[in-house]
Amino acid sequence: MADDAPKILDLTPLNPKFREDPYAILGSLRSAHPVMRDDMAGAWFITRYEDVRRILTDLTLWRDPHRAEAAAVLSRRLVEQSGERQDGDHGMSILLMDDPDHARIRNPLAQALYKRVAKSRGDVEKIVDGVLDRLAGRETFDLMASFALPIPIDVIASILGVDHDRLPEFRDWSEGVIQGLNPLRTPDQTAHMERAGHALTEYMTAHLAERRANPKDDLVSDMAALQAAGAPLTDAEVITNLSALLVAGNLTTTDLIGNAVRIFLTNPEELTKLKSDPSLVAAAVEETLRFEPPVDITGRIASKDMEVGGCPIHATQSMSLSLRGANRDPDVFEHPDRFDITRKKTPHVAFGGGAHICIGAPLARLEAQVALSRLFARFPNLRLADPDAPPVWRTLPFFRGLERLEVRV
Ligand code: HEM
């Protein structure tokens with residue numbers, strides 16, 4: 001690797017330059033070192049769309065970090081953080097599993113989740129309207145805290161059938177468990193994460209048992225019914241993966257909504273297009289996912305010796321795929337740095353791809369579409385409270401979202 005190439009940790013918002021403009025750095029990397037080895041992280045970092053797409057959809061590659069070489073520090077970190085369970089189950093969600101276990105668990109879960117999502121539009125609209133009602137009379141507010149944050153957690157709680165009076169605890173657990181994604185968390189954050197993880201598992205265990213005895217109209221009851229009908233899923237697997245929906249889906253969807261609102265408020269001509277043709281909202285969400293994706297990277301592990309962009313990659317080596325880099329590749333997207341909700345093709349990779357493609361994508365899309373439509377309809381003069389203030393990005397590695405977004409109605 002060339003000495004001037006950045007390290008993977010420089011390619012996170014912990015680096016102020018990357019936080020301010022990741023695209024300049026990723027663009028140079030894509031031109032000069034599209035397949036870059038970082039020995040310290042023990043990973044290849046891949047930025048070209050064509051390479052990223054090919055690797056994502058190669059079903060012979062692995063995801064389980066246990067299969068990576070010992071030098072793959074970044075991948076192995078994920079397993080250290082997932083913790084071991086007392087019942088011998090390693091407690092990993094489908095995100096870090098390979099077939100046959102991945103397909104065995106993902107297929108019934110996806111089937112049940114997609115059915116729920118297909119009939120949840122009314123609930124999502126009600127939740128978004130409720131959040132907007134609470135903003136009545138406010139001149140200015142932080143759009144992240146008051147809008148983008150509550151929506152995804154309330155939606156997933158409603159899909160899982162969490163009692164309304166447990167919502168505050170559920171929110172607290174979600175915030176705690178998310179610290180598992182933060183390699184630089186403080187001792188206090190680690191304690192919160194552990195406490196929240198235990199409480200959530202305990203809650204889901206009791207919730208599953210309760211719904212098995214008294215089924216209701218929710219995803220937990222669906223999973224209990226699938227188990228009863230013979231789906232080969234242990235309780236621990238159901239509990240881990242239902243809890244994972246909470247962790248994987250909250251921050252990401254919050255960031256999608258926050259990023260979308262900021263982009264529209266700073267691109268008034270695109271906002272005018274959307275307002276004059278509200279049916280563009282689905283395209284608007286897709287273009288936001290391409291232009292400012294909430295998740296930086298996903299990973300795969302080489303199951304065999306292979307070649308990517310002329311570089312030899314050996315079996316068991318870990319590959320970090322830059323979804324953000326791929327989404328701005330000029331070989332695929334015309335004027336990639338232009339936010340254009342009427343662009344013809346948006347085959348972005350914000351949700352990854354192949355066997356692991358985000359299981360929550362239909363839900364995230366629905367939430368973002370409803371949130372944007374209802375927000376701009378309710379507040380037609382919505383604008384940035386201080387148009388000259390620079391955006392305040394969070395520093396959590398591998399995610400891109402706003403710490404706060406002060407707006408005026
Ligand atoms: C805008 C919001 C979201 C983004 C950008 C996002 C992004 C991603 C990405 C990049 C992956 C890895 C895919 C791969 O490796 O190929 C993933 C996987 C996953 N996501 Fe999402 N996600 C979002 C929302 C959600 C929601 C709402 C849920 C749950 C309801 C969810 C649950 C999951 C799960 C369980 C996986 C693992 C799937 C597997 O490995 O089979 N995500 N997501």
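The values are calculated or read from the model by the stated rules, or taken from the named source; none is laboratory data. This one's a predicted model, so the numbers in the text were calculated from it and none came from an experiment. In this analysis, Cβ positions are derived from the backbone assuming ideal geometry, glycine residues included, and neighbour counts consider all displayed protein chains.
Summary of values
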read-out: Residue in the range 332-360 that is nearest to Tyr49 (Cα to Cα), counting only those that are among the acidic types (Asp, Glu) and in contact (Cβ under 8 Å) with a residue 60 or more places away in the chain; value: Asp337
read-out: Residues (out of contact with any Ser or Thr (no Cβ under 7 Å at 6 or more places or on another chain), closer than 18 Å to Arg328 by Cα, among the aliphatic types (A, V, I, L, M) and in contact (Cβ under 8 Å) with a residue 12 or more places away in the chain) located in the range 1-51; value: Leu11, Ile25, Ala32, Val35, Met36
read-out: Residue in the range 356-376 that is away from the ligand (no atom under 16 Å from the Cβ), of a type in the set (A, V, I, L, M, F, W, C) and buried (at least 21 other Cβ atoms within 10 Å of the Cβ) present; value: yes
read-out: Top-ranked residue in the range 377-394 [being assigned to a strand (DSSP E or B) and under 26 Å from Ile156 (Cβ atoms); ranked as nearest to the ligand (Cβ to nearest atom)]; value: Trp393
read-out: Residue in the range 46-55 that is within 13 Å of the ligand (Cβ to nearest atom), out of contact with any Cys (no Cβ under 8 Å at 6 or more places or on another chain) and at pLDDT below 95 present; value: no
read-out: Among (1) within 30 Å of Asp38 (Cα to Cα); (2) within 18 Å of the chain's Cα centre (by Cα), the one test that Ala364 misses; value: (1)
read-out: Residue, surrounded by the fewest Cβ atoms within 10 Å (Cβ to Cβ), within the range 328-352, restricted to residues that are within 11 Å of the ligand (Cβ to nearest atom) and on the phi < 0 side of the Ramachandran plot; value: His348
read-out: Flag for Arg211 being crowded, with 20+ Cβ neighbours inside 10 Å and away from the ligand (no atom under 16 Å from the Cβ); value: yes
read-out: Helices (runs of 4 or more DSSP H) wholly inside the range 57-145 that include at least 3 residues being more than 15 Å from the ligand (Cβ to nearest atom), surrounded by fewer than 20 Cβ atoms within 10 Å (Cβ to Cβ) and modelled with pLDDT of 95 or more; value: 121-133
read-out: Complete set of residues in the range 199-229 that are farther than 19 Å from Arg171 by Cα, charged (D, E, K, R) and part of a helix (DSSP H, G or I); value: Glu210, Arg211, Arg212, Asp222
read-out: Selected residue (criterion: nearest to Thr12 (Cα to Cα)) from residues of the range 148-198 that are hydrophobic (A, V, I, L, M, F, W, C), away from the ligand (no atom under 16 Å from the Cβ) and assigned to a helix (DSSP H, G or I); value: Met193
read-out: So Glu334, is it under 23 Å from Ala68 (Cβ atoms) and either assigned to a loop (DSSP other than H, G, I, E, B) or not β-branched (Val, Ile, Thr) (or both); value: no
